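Every number in this text was worked out from the coordinates using simple rules, so none of it is lab data. Because the structure is predicted, anything quoted here is derived from the model rather than measured. With ideal geometry, Cβ positions are generated from the backbone for all residues, glycine too; neighbour counts draw on all protein chains shown.
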Amino acid sequence: MRLLLFGFLATSAAAATHPSQLKFVLYYPQVPPYMYTNLDSEQVDGVVPQLLAEFFAQQHISIKYVIDNRKGAEFRLYQGDVDAMLMAASWAQYPDKLIFSAPLLEHRDYLYSLQPFKDSIPIEKQLNNASICTRQYYVYEALEPYFALGAKRVDASSEQAQMRMLISGRCDYAYMNEHVSSWLQYSQFPSIRIYHSKQSFGHVGLTVAFHPKWADILPALNSYLQQQQTSGRLQRVLQQELQKKGRFTPAPES
């Protein structure tokens, strides 16, 4: 009886090491196809919510989505006011103060243009004195050498705003990841031909950053993510999201 009682108490203590509700940041401006509020269904939708819903249900943890901007959310994550957000360790200001999941998926970053890229001309010459639309608050280590050579950074509030600025001529190029660009071109700008650079400029694993109080769920989450990748479900969900044309919370113009 003592052994059984001890086992029960140990299990209960382990289960109580984190709250029963997880506050997950939903970025504003929002970022389809990863996470967004679908205005047609009025539900939080995207690759990440679909993949994580089953796991947290298995763990008996409810998810509360909290709308916040990228910069403010990171600060609140350090404070423990929110519990998790999509963020690579290389993007964090203080990565040692957080814990990170295994990558949900990986993406490459490209330059996008309304004109075909000239393969015969080195990319540094094509970018000389050119303006590049980027995301506000984002760090672009891959672009720093080109900025040092004269390329100009023009910040936008969202990837959708980047694309609008590119189309309107406010910048010569836009820099973003392949999944977001594909979604925008298919869903928001289907009639406009947009080209991407032959070379990619970064290969990033999309991870979930957690406050350290959630450390005990990380091994199970990483195992679950590996299963989703091995089974092919992750790619199926991604491809389904890339071909959606649902409405989402709009982003500002810049």
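Starting from the amide H of Gly202, placed 1.01 Å from N in the peptide plane, find each other amide H under 5 Å away whose residue is 5 or more places distant or on another chain.
Under 5 Å from the amide H of Gly202: Asp109.
Which FRET efficiency value, to the nearest 0.05, do you get for Ala142 and Lys213 by plugging their Cβ-Cβ distance into 1/(1 + (r/R0)^6) with R0 = 22 Å?
On the way: r = 33 Å, r/R0 = 1.51.
The formula returns an efficiency of 0.10 here.
Only helical DSSP H runs with n ≥ 4 go in: add -39500 (n - 2.57) per run for the chain, normalise by residue count and round the 222 nm mean residue ellipticity to 500 deg cm²/dmol. Please report the intermediate quantities before stating the final value.
Details: 9 runs with 89 residues, N = 254.
Helix contribution divided over all residues of the chain: -10000 deg cm²/dmol.
Using a simple spin-label model with points 7 Å from Cα along the Cα→Cβ vector, what separation in nm is obtained for Phe189 and Ser62?
Label at Phe189, label at Ser62, 4.1 nm between them.
So how many Lys-Lys pairs in the chain land under 18 Å Cα to Cα, not counting same-chain pairs under 8 apart?
10
Any chance you could give the angle, 0 to 90 degrees and rounded to 10, that helix 233-242 forms with the longest Cα principal axis of the chain?
For helix 233-242, the angle is close to 40 degrees.
Name the long-range amide H neighbours of Arg135: under 5 Å, sequence gap of 5 or more, or other chain; modelled H, no Pro or chain starts.
Ala156
Pull up the DSSP beta bridges for the chain and report the antiparallel fraction as a percent, rounded to 5. The partial results should precede the final answer.
On the way: 21 of 36 bridges.
Taking every DSSP beta bridge within the chain, about 60 percent pair in antiparallel fashion.
Using amide H atoms built in the peptide plane, which far-off residues or other-chain residues are under 5 Å from Arg170 H to H?
Amide H neighbours of Arg170, under 5 Å, 5+ apart: none.
Could you state the per residue volume, in Å³, of the convex hull enclosing the Cα atoms of region 132-184? Don't jump to the answer; show the numbers that get you there.
Values: hull volume 3.8 nm³, N = 53.
So the per-residue Cα hull volume is 72 Å³.
Stokes-Einstein diffusion coefficient for region 108-202 at 37 °C in a medium of 0.692 mPa s, Rh from the Kirkwood formula over Cα pairs: what value in µm²/s? Could you put the intermediate results ahead of the total?
Numbers: Rh = 13.2 Å.
Result for D is 248 µm²/s.
With angles folded into 0 to 90 degrees, how steeply does helix 159-168 sit against the dominant principal axis of the chain? Use alpha carbons for both and round to 10.
10 degrees
Can you give me the three principal axis dimensions of the chain from its C-alpha atoms, in Å, biggest first?
For the chain, the Cα spread along each principal axis is 78, 38, 33 Å.
Which residue fluctuates most in the GNM of the chain (Cα springs below 10 Å): Arg193, Arg153, Arg135?
Ranking Arg193, Arg153, Arg135 by mean-square fluctuation puts Arg193 first.
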